[in-house]
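Notes to accompany the following structure.
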Amino acid sequence: MSVSNKIFGSARSIWGKGGFLKGSGTVSSTSSKAFNVRLETPASSKNFLSKSPNKFVDNENNTNPEELLCASHTACLVITFSSILDKHKYEATHIEADGKCTMEMTPGGFVVTNMDLTLNATIPNIQPDKFQELAIRAEEACPISKLMKGNVKVSLKSTLNN
């Protein structure tokens, strides 16, 4: 019996009535059942399209595709970084990544243009230059970064907190 060289994940999104500005729905993981959260159009998109800068505010209990994209990218980055550290015989005591994506209105509609990542880690016995090298390698090896390559400008700022 051989081990598969494929990894699968699945999710489901449901959008209820109410349209773009007033509608909402849910997004859930269907492969792991890890989450089921409310989904809504981001306030920034609603405000832009309704030409009212402060009419809508984000509900802190809901999420949106941009947040999920950031969550996916940062989760992938920390896991990839951890794997690369293991291959180089380092063990982090803490790895944290934050992501911020930028969407811009283009003639063809909204487009994600930038993903700004920050990676902070505490790793005993690693030199700062080696940390930076492995952080860059992790971003380049991250499957979500690879997915974005050529479509979204990805930046990485990494900090060693030893």
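The values are calculated or read from the model by the stated rules, or taken from the named source; none is laboratory data. Keep in mind it's a predicted model, so treat the numbers as computed, not measured. Neighbour counts are summed over all protein chains in view; Cβ atoms, including those assigned to glycine, are modelled from backbone coordinates with ideal geometry. In case anyone asks, the SASA skips ligands and DNA or RNA and just uses the protein heavy atoms, side chains included. Shrake-Rupley method; radii C 1.70, N 1.55, O 1.52, S 1.80 Å.
Details
- Measuring between their Cα centroids, segment 102-162 and segment 1-42 lie 24 Å from each other.
- Segment 1-43, accessible area per residue, ligands and nucleic acids excluded (1.4 Å, Å²): 79 Å²
- Too-long pairs where the Cα-Cα distance tops 22 Å, listed order kept, from 100/153; 6/146; 100/130; 89/130; 6/33: 100/130
- Theoretical ellipticity at 222 nm over the chain - DSSP helices of four or more residues, -39500 (n - 2.57) apiece, nearest 500: -10500 deg cm²/dmol
- The distance between label points at residue 20 and residue 162 comes to 5.0 nm (points 7 Å beyond Cα on the Cα→Cβ vector).
- Computed extension gain for residue 89 through residue 151, at 0.36 nm per residue and net of the alpha carbon distance, reaches 19.0 nm.
- Tilt relative to the chain, helix 128-141 - C-alpha long axis, 0 to 90 degrees, to 10: 50 degrees
- Considering only 40, 133, 96, the mean-square fluctuation computed in a Gaussian network model of the chain, springs between alpha carbons under 10 angstrom, is largest for 133.
- log10 of Debye I(q)/I(0), alpha-carbon scatterers only, for the chain at 0.10, 0.12, 0.19 Å⁻¹: -0.48, -0.67, -1.23
- Considering only the chain, percent of DSSP beta bridges that pair antiparallel, nearest 5: 70 percent
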